[in-house]
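Working notes, structure below.
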Amino acid sequence: MSRTRLEELERVQAYAFSAATFQVSGRNIVVTNPLRTPGRRASDVAHELSHLVLKHDLTEIREVNGMPFRTCRPDEEEQATAFGGTLMLPRPLLLGAVRRQWGPAQIAEHYGVTEEMARYRYNTTGVAKQARGR
């Protein structure tokens with residue numbers, strides 16, 4: 001898909017395409033959207049790898065502006081997002097960052113993820129609360 005086509009798709013529906021996994025000659029290939037930031041692409045790759053590790057099936061077909069996209073069920077998408085975040089920012093790594101008194105912005109910058117992902121993991125793992133209790 002050309003960059004112009006991706007930009008057109010982005011105008012029609014923002015974030016309709018971030019990444020996809022294809023099987024070509026028995027190999028899995030993850031394709032990311034070059035319009036995304038490096039941190040977002042890292043999250044997208046972790047998300048796609050999570051689908052593979054969790055053995056999710058592509059079961060739904062959605063069409064956006066005449067382009068078909070195969071997706072997983074919503075519960076599997078949530079699983080892949082959660083597991084992908086865990087792969088990028090495991091709890092022990094976050095505990096170390098909190099002990100250094102880093103917040104989500106510093107975590108994101110240091111580990112090359114989005115601030116949204118760092119905040120999500122920071123809040124859902126309970127590391128800030130645990131560090132305060134010590």
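The values are calculated or read from the model by the stated rules, or taken from the named source; none is laboratory data. None of the values given here were measured: they were computed from a predicted structure. Heads up: the accessible areas ignore ligands, DNA and RNA and are worked out on the full protein's heavy atoms, side chains in. Shrake-Rupley method; radii C 1.70, N 1.55, O 1.52, S 1.80 Å.
Key figures
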{"read-out": "Karplus (6.51, -1.76, 1.60) ³J(HN,Hα), θ = phi - 60°, over region 42-50, in Hz, Gly and Pro reported as x", "value": "4, 5, 5, 5, 4, 4, 5, 4, 4"}
{"read-out": "Accessible area (Å², 1.4 Å probe, nearest 10) - R41", "value": "70"}
{"read-out": "Largest to smallest accessible area among L87, L52 [probe 1.4 Å]", "value": "L87, L52"}
{"read-out": "Residue order for E116, E48 - accessible surface, 1.4 angstrom probe, largest first", "value": "E116, E48"}
